[in-house]
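Participant: Let me begin by handing over the structure; questions about it come next.
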Amino acid sequence: MAGNETTRTALAHGLKLLTDHPGQRELLLSDFDGRIGGAVEEIVRHSTPVIFMRRNVTRDHELNGHLFRAGDRVTLWYASANRDESVFTDPDAFDITRSPNPHVGFGGPGPHFCLGANLARREITVMFRELFGRLPDIRAGEPDRLLSSFINGYKRLPCTFTR
């Protein structure tokens, strides 16, 4: 599922976000090559395709006054981390120029960072380049959401465009 579901999910969310935020879409299309990198990072941050990941604590550790013991189970709630007000200015805004953008949409730093992150970035870039190049007026409608506790995705995303 890695590299498939999450990239597809980010693409669908990205099209919906760029439809719902026409100013951001206009900004992206006015300098696609200069802005697509920031747009991809913001799409992944804002949409957060993976909902959570569970891990086991490997050694005792104190974090923010809470003691975690080796063997404890913990979860990372990606959407919460990606909307942390202490990290992101105006965290609920969709802003393709956000910089820095230290999101954890690809798992954050460390040994669990997504091995396919660079491939996903490239796939999203290529897809939007082709999509907007061929169907510049494409717009997303209301999605039929996937009912999942793991993937924040869509089952269907109706679109309109002219040829």
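Participant: Of the numbered conditions (1) in contact with a strand residue (DSSP E or B) (Cβ under 7 Å, 6 or more places away or on another chain); (2) farther than 25 Å from Glu123 by Cα; (3) of a type in the set (Lys, Arg); (4) modelled with pLDDT of 95 or more, Arg55 satisfies every one except a single condition; which is it?
Facilitator: Result: Arg55 passes all but (4).
Here's the yes/no breakdown for (1) modelled with pLDDT under 95; (2) on the phi < 0 side of the Ramachandran plot:
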{"site": "His46", "(1), (2)": "no, yes"}
{"site": "Leu63", "(1), (2)": "yes, yes"}
{"site": "Phe68", "(1), (2)": "no, yes"}
{"site": "Thr89", "(1), (2)": "no, yes"}
{"site": "Thr97", "(1), (2)": "no, yes"}
{"site": "Gly108", "(1), (2)": "yes, no"}
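Participant: May I ask you to say which residue of Phe132, Phe106 is over 19 Å from Lys16 (Cβ atoms) and among the aromatic types (Phe, Trp, Tyr)?
Facilitator: Matching residue, one of Phe132, Phe106: Phe106.
Participant: Oh, and also: With the condition kept exactly as written, say whether any residue in the stretch 57-80 is of a type in the set (Phe, Trp, Tyr), open to solvent by less than 40 Å² (accessible area, probe 1.4 Å) and under 16 Å from the mean Cα position of the chain (by Cα).
Facilitator: Checking the stretch 57-80: at least one residue is of a type in the set (Phe, Trp, Tyr), open to solvent by less than 40 Å² (accessible area, probe 1.4 Å) and under 16 Å from the mean Cα position of the chain (by Cα).
Participant: Next question. Do any residues in the stretch 17-34 that are within 18 Å of Tyr154 (Cβ to Cβ) and open to solvent by 50 Å² or more (accessible area, probe 1.4 Å) have Cβ atoms under 7 Å from those of residues that are of a type in the set (A, V, I, L, M, F, W, C) and outside any helix (DSSP H, G or I), where the two are at least six apart or on different chains, and which pairs are they?
Facilitator: Once the first residue is within 18 Å of Tyr154 (Cβ to Cβ) and open to solvent by 50 Å² or more (accessible area, probe 1.4 Å) and sits in the stretch 17-34, its partners that are of a type in the set (A, V, I, L, M, F, W, C) and outside any helix (DSSP H, G or I) give His21/Phe94.
Participant: Would the stretch 75-85 turn up any residue that is touching a strand residue (DSSP E or B) at 6+ places or on another chain (Cβ under 6 Å), of a type in the set (A, V, I, L, M, F, W, C) and within 18 Å of Thr9 (Cα to Cα)?
Facilitator: There is at least one residue in the stretch 75-85 that is touching a strand residue (DSSP E or B) at 6+ places or on another chain (Cβ under 6 Å), of a type in the set (A, V, I, L, M, F, W, C) and within 18 Å of Thr9 (Cα to Cα).
Participant: Identify, please: which residue in the stretch 110-134 is part of a loop (DSSP other than H, G, I, E, B) and among the small types (Gly, Ala, Ser) and is, among those, surrounded by the most Cβ atoms within 10 Å (Cβ to Cβ)?
Facilitator: The selected residue is Gly116.
Participant: Can you go through Asp84, Asp137, Asp92 and tell me which one is outside any helix (DSSP H, G or I), of a type in the set (D, E, K, R) and over 17 Å from the mean Cα position of the chain (by Cα)?
Facilitator: None of the other options fit; the residue is Asp137.
Participant: Quick one: in the stretch 135-163, which of the residues that are open to solvent by 40 Å² or more (accessible area, probe 1.4 Å) and among the β-branched types (Val, Ile, Thr) is nearest to Tyr78 (Cα to Cα)?
Facilitator: Applying the filter and picking the extreme gives Thr160.
Participant: Filter the stretch 28-52 down to residues that are in contact with a strand residue (DSSP E or B) (Cβ under 8 Å, 6 or more places away or on another chain) and aliphatic (A, V, I, L, M) and give me whichever is farthest from Gly105 (Cα to Cα).
Facilitator: Across the stretch 28-52, the extreme among qualifying residues is Ile51.
Participant: Among all residue pairs at least 6 apart or on different chains, which show Cβ distances below 8 Å where the first residue, located in the stretch 63-79, is under 18 Å from Gly108 (Cβ atoms) and without any contact (Cβ under 8 Å) to a residue 40 or more places away in the chain and the second is open to solvent by 70 Å² or more (accessible area, probe 1.4 Å) and part of a loop (DSSP other than H, G, I, E, B)?
Facilitator: Pairs found: Phe68/Asp60.
The values are calculated or read from the model by the stated rules, or taken from the named source; none is laboratory data. Computed from a prediction, not measured in an experiment: that's the story for all the values here. Cβ atoms come from the backbone with ideal geometry, glycine included; neighbour counts cover every protein chain shown. Heads up: the accessible areas ignore ligands, DNA and RNA and are worked out on the full protein's heavy atoms, side chains in. Shrake-Rupley method; radii C 1.70, N 1.55, O 1.52, S 1.80 Å.
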